[in-house]
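Report on the structure given below.
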């Protein structure tokens, strides 16, 4: 057999082997009911800050390649310079802290009663005990990677990042398409992909890395977009049904990270907005 024929035969054998492996994987495919929804965590999307555990050598979460401004999710801990995000559901969640960027007191979730009873107009309010309650604009969605995979994740924006949340909400609300009859309609929130990047920011209290969020392509126009669209649709249904919920531990870590740019004297941050 010539060398050329040998190479062709080897390639064909390899292809058959790969197909056989794929058939074996498909035959033993996991069933979604193997895990209850309560067994699964929805990670948060975070920005690596100068004080994040990911850049501290003595921290269990230390990542040697982590740099300030990197984007990371709290499940896979994969570092990204940029990311793509498909929002599927929006809600406001409330967190109570000790004053002056102190310890976590309570995660109120979507319960606004403590916030409503606290003093203040909007943004961070102060309780009768002197604690601070802050609202966080919370977007459930899919975090997309370049290899075509997608991960359910949460983008939480509060404090200095509240203005970014308002802009994203406005971009989503302003999106209109035209049907075959020339009538305008508002497509689902998960119809468009949004690009996530980070930028340096500062105020009188210090400096940090903040979000930059820009509208991208319509999801159904990108490669593999139809399957991602259907996955986003299912995730929206699961969130609406209460089957997918934010992980409070990850939420607290994310909120703490974002508080690096907040005023330490308890005054209203200029970027705080009414929700």
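Since every read-out is calculated from the coordinates, none of them should be taken as a lab result. Keep in mind that what you see is a predicted model, and the values were worked out from it rather than measured. Note: ideal-geometry Cβ built from the backbone for every residue, glycine included; neighbour counts use all protein chains shown.
Annotations for the structure displayed:
- Rounded FRET efficiency, nearest 0.05, which uses the C-beta distance separating residue 111 from residue 220 and R0 of 45 Å: 0.80
- Neighbour-count ranking [beta-carbon atoms within 10 angstrom, fewest first] of 230, 196: 230, 196
- Relative exposure of 101, 57, judged by other C-beta atoms within 10 Å (fewest first): 57, 101
- Note on residue 129 and residue 62: with the Förster distance fixed at 35 Å, the Cβ-Cβ geometry gives a FRET efficiency of about 0.50.
- Using a Förster distance of 35 Å, the FRET efficiency for residue 174-residue 21 (Cβ separation, nearest 0.05): 0.15
- For the range 36-261, the relative contact order is 23 percent, taking Cα pairs closer than 8 Å that sit 6 or more residues apart in sequence and dividing their mean separation by the residue count.
- Calculated P(r) of the range 36-261 - Cα pairs past 21 Å, %: 58 percent
- Put in line by how crowded their Cβ is, counting other Cβ atoms within 10 Å and starting with the fewest, 186, 150, 113, 158 read 113, 186, 150, 158.
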